[in-house]
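Trainee: The structure follows.
The numbers here are math on the coordinates, done by the rules we state, and not lab data. Treat the numbers as computed from the prediction; the structure is a model and nothing was measured. All Cβ positions, even for glycine, are placed from backbone atoms using ideal geometry, and neighbour counts span all protein chains on display.
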Amino acid sequence: MNDTVTSVEKDYKKCPVDQVEIGKLLVRGGDERFEVEWDAEAKVTPMGSLVFFAQYLQTGGLMDRLCQGTPLAYISHNAPKARDVLGTIVMSVLNGQTRYAHINALRGDRVGAEVLGVSKVVSEDSVRRALTRGTPETWNAWLTVQERAVYEPLLVEPYVLDIDNTVKPLYGHQEGAELGYNPQKPGRPSHNYHTYFIGSLRVVLGVEVMPGKKHSGKHSLPGLWHMIDGLPPQCRPRLIRGDVSYGNEGGMVDAETRAQLYLFKLRQTTKIRTQIQSLECDAEAWCDAGDDWQGAERSLNLMGWSRARRCIFLRRPAQRGPVCKALPASKETEFDFVEHLDSGSSYEYIVLVTNDHLPIVALAQLYRDRADCENVFDEIKN
């Protein structure tokens with residue numbers, strides 16, 4: 001439906017017949033059928049699409065699943081029903097509300113409650129007290145089950161799982177706000193969002209919110225392996241992809257123990273640079289890697305590694321900036337190292353480590369596709 005749908009109570013009517021006039025739509029919400037009317041001249045309201053979303057919940061059984069296994073355990077007969085509490089929260093979220101006090105604006109919406117199949121809209125105090133029941137661990141376990149039920153059917157197809165983190169500057173006094181790595185606003189407290197997602201589908205499988213000081217990749221790995229271990233074998237990623245924060249011994253050993261394929265970027269340490277210089281003397285070692293890149297392959301056992309691993313060296317001509325106006329020629333003798341730098345081609349390098357057996361050109365393209373991660377973060381933040 002377009003954005004001209006309105007949610008005035010008179011527009012929802014129980015429909016005893018199957019015939020629908022032009023400008024009306026018959027939908028099913030809860031155990032009832034509703035006839036929805038819309039007016040192209042009316043103003044848009046936040047709850048205008050509730051009846052259509054309720055039909056989606058009803059068809060997929062999502063609302064019933066949401067109410068199963070909740071940490072809400074009431075003893076009193078006067079306490080609200082768990083479905084009423086969760087239905088109120090769903091209505092509040094769909095209405096764009098961000099505070100408990102806003103829930104009171106929904107108390108008179110009898111139509112919305114009926115469409116979602118709840119007996120009433122509970123008060124803000126009932127919602128607030130309900131969310132204090134149970135431990136954070138039980139709530140997180142229940143929410144994880146609900147989230148996986150939505151995206152898990154997609155994971156039977158082979159996919160690449162990207163792991164990355166982003167900085168979220170904070171203003172005010174928020175829990176976990178610490179001074180850490182923050183290139184955009186140095187000195188500003190922040191959170192760090194360690195995220196696991198399928199970039200090509202824009203599907204986020206998990207996010208670990210950590211203080212600003214915990215920005216390195218090692219803080220992402222416990223949550224990553226917990227998520228992967230909880231997936232059925234047929235739903236696990238074909239490949240895990242990450243930047244230099246994840247190309248360390250701990251992460252690679254954990255992946256190899258689980259027979260999980262990975263593709264990580266390596267820091268250019270002294271031994272890596274020595275290997276690059278050695279490859280520069282062997283012109284036959286390089287092959288085409290696509291998109292003006294050249295690739296070479298070596299098996300290396302770096303310091304701190306427990307075994308030798310397949311490393312992919314990629315290079316391309318360095319991107320030079322615009323040519324500046326030449327300075328007057330100097331009469332003094334030039335140093336030898338300047339002459340050496342000016343001679344020959346200048347390259348920029350990327351070094352990858354993997355346990356996959358794909359050819360170099362395929363691995364190079366896989367890592368170039370990782371550049372889309374920043375677009376995902378920008379879309380989520382904005």
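Trainee: Once phi is turned into ³J(HN,Hα) by the Karplus curve 6.51 cos²θ - 1.76 cosθ + 1.60 with θ = phi - 60°, what whole-Hz value does each residue of the stretch 101-108 show in order, with x for glycine and proline?
Mentor: Once θ is set to phi - 60°, the couplings for the stretch 101-108 become 4, 5, 4, 4, 5, 9, 4, x Hz.
Trainee: Another one. Taking the Cβ-Cβ separation of Lys213 and Ser346 as r and a Förster radius of 30 Å, what is the calculated FRET efficiency to the nearest 0.05?
Mentor: Details: r = 37 Å, r/R0 = 1.23.
E(calc), rounded to 0.05, equals 0.20.
Trainee: Next question, about the same structure. Once amide H atoms are placed 1.01 Å from N in the peptide plane, what residues at a sequence separation of 5 or more from Gly247, or on another chain, have their amide H within under 5 Å of its amide H?
Mentor: Excluding prolines and chain starts, which carry no amide H, the hits are Lys265.
Trainee: Could you point to the residue in Tyr171, Gly206, Val160 farthest towards the positive end of the stretch 142-256's charge dipole, with +1 and -1 charges on the Cβ of Lys/Arg and Asp/Glu respectively?
Mentor: Tyr171
Trainee: Please list the non-local residues whose amide H lies under 5 Å from the amide H of His191, H modeled 1.01 Å from N, same-chain partners needing a gap of 5 or more.
Mentor: So His191 has HN proximity to Lys168, Leu170.
Trainee: Assuming R0 = 56 Å, can you tell me the calculated FRET efficiency for the pair Val361 and Tyr56, based on Cβ-Cβ distance, to the nearest 0.05? Intermediate values should be presented prior to the final figure.
Mentor: Working: r = 43 Å, r/R0 = 0.76.
Calculated value: 0.85.
Trainee: Take Ser76, Ser216 and order them by how many other Cβ atoms sit within 10 Å, fewest up front. Show your work: numbers first, answer last.
Mentor: Numbers: Ser76 6, Ser216 16.
Least to most surrounded, the residues fall as Ser76, Ser216.
Trainee: Which trypsin sites (Lys or Arg not before Pro) does the stretch 92-158 hold that lie in a coil by DSSP with at most 12 other beta carbons within 10 Å?
Mentor: Working: sites: Arg99, Arg107, Arg110, Lys120, Arg128, Arg129, Arg133, Arg148; in loops: Arg99, Arg107, Lys120, Arg133.
Sparse-neighbourhood loop trypsin sites (Lys or Arg not before Pro): Arg99.
Trainee: Still on this structure, please answer the following. When the label point is put 7 Å from the Cα of Glu152 along its Cα-to-beta-carbon vector, which residues of the stretch 200-217 have a backbone N closer than 16 Å?
Mentor: 205-206
Trainee: Name the residues whose placed amide hydrogens come within less than 5 Å of the amide hydrogen of Leu131, ignoring near sequence neighbours (fewer than 5 apart) on the same chain.
Mentor: Correct list: empty.
Trainee: Moving to a separate point now. What's the magnitude of the charge dipole for the stretch 158-237 around its Cα centre, counting Lys and Arg as +1 and Asp and Glu as -1 at the beta-carbon? Answer in Debye, nearest 20.
Mentor: 200
Trainee: Turning to a different aspect of this structure: When Asp243, Asp229 are ordered from fewest to most other Cβ atoms inside 10 Å of their Cβ, what list results?
Mentor: Details: Asp243 17, Asp229 9.
Going from sparsest to densest Cβ surroundings: Asp229, Asp243.
Trainee: Among Cys281, Cys311, which comes first, second and so on when ranked by fewest other beta-carbon atoms within 10 Å? Provide the component values of the computation, followed by the final result.
Mentor: Details: Cys281 7, Cys311 20.
The most exposed by this proxy come first: Cys281, Cys311.
Trainee: Moving to a separate point now. For the stretch 294-310, take each phi angle, set θ = phi - 60°, evaluate the Karplus expression 6.51 cos²θ - 1.76 cosθ + 1.60, and give the result in whole Hz per residue in order, putting x for glycine and proline.
Mentor: Running phi through 6.51 cos²θ - 1.76 cosθ + 1.60 with θ = phi - 60° gives 10, x, 9, 10, 9, 9, 10, 10, 6, 4, x, 8, 8, 7, 6, 9, 6 Hz.
Trainee: Follow-up question, since we're still on this one. Determine the sum of side-chain charges near Asn182: Lys and Arg each +1, Asp and Glu each -1, restricted to other residues whose C-beta is under 11 angstrom from that of Asn182. The partial results should precede the final answer.
Mentor: On the way: positive: Lys168, Lys185, Arg188, Lys213; negative: Glu178.
Net charge around Asn182: +3.
Trainee: With θ set to phi - 60° and the Karplus curve 6.51 cos²θ - 1.76 cosθ + 1.60, what are the ³J(HN,Hα) couplings of the stretch 196-211 in order, to the nearest whole Hz, using x for Gly and Pro?
Mentor: Per residue, the Karplus-derived 3J(HN,Hα) values read 10, 8, 9, x, 5, 9, 6, 10, 8, 8, x, 9, 10, 8, 10, x Hz.
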